[in-house]
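Participant: Here it is, the structure, as structure tokens.
All of the numbers you see were taken from the coordinates with simple rules; none came from a lab. Because the structure is a prediction, the values reported are computed rather than measured. We place every Cβ from the backbone using ideal geometry, glycine too, and count neighbours over all the protein chains shown.
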Amino acid sequence: MPRISPSRPSNRVYRAAARYRPDSKFSAWLFRIARHELLHELRRRRRKPVESVPPEDLASLAVDASPEERRRAAELEEQLLAALQELPERQRSALLLTAAGDLSHAEVATALGVSGNNLHVILHRSRQALRTLFPLRP
């Protein structure tokens, strides 16, 4: 039988099994582990940045858009990503997890380690901050 190595990233769930509480939802517990792994990876990448893809390369993937529309979409995407990076980590995580739509508010709150009411406050503040950082123009 192969030995399970707890140092491998794929075995984080195995190592965290002792901390699982049966009264909480399994998917929220699993998501929290994945979130922590993602944050760890993002911190690691900040220390060792990789070359980014120019926005114009991403914009060229749009099929029915004119070159001007693709350029504008790439510019808006770049501005939005920059605005999201300005948000505090908790606000950014709450906003992105909620926007993904795969988790309920209760599951997002559990993944972030906050109460449901606190999540609503965090979401409200993150949306306000994002409106300030990234105002929509007509």
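Participant: In what sequence do ILE122, ILE33 fall when counting other Cβ within 10 Å, fewest first? Display every interim value, and only then the final one.
Facilitator: Numbers: ILE122 22, ILE33 16.
So the residues, fewest neighbours to most, are ILE33, ILE122.
Participant: I would also like to ask the following. Determine, for THR132, THR110, the number of other Cβ atoms within 10 Å of each Cβ, and report the residues in order from fewest to most. Working shown, then result.
Facilitator: Details: THR132 10, THR110 21.
Listing THR132, THR110 from fewest to most nearby Cβ atoms yields THR132, THR110.
Participant: For a label point 7 Å from the Cα of LEU38 along Cα→C-beta, name the residues of the range 98-114 whose backbone N is under 15 Å from it.
Facilitator: 98-105, 107-113
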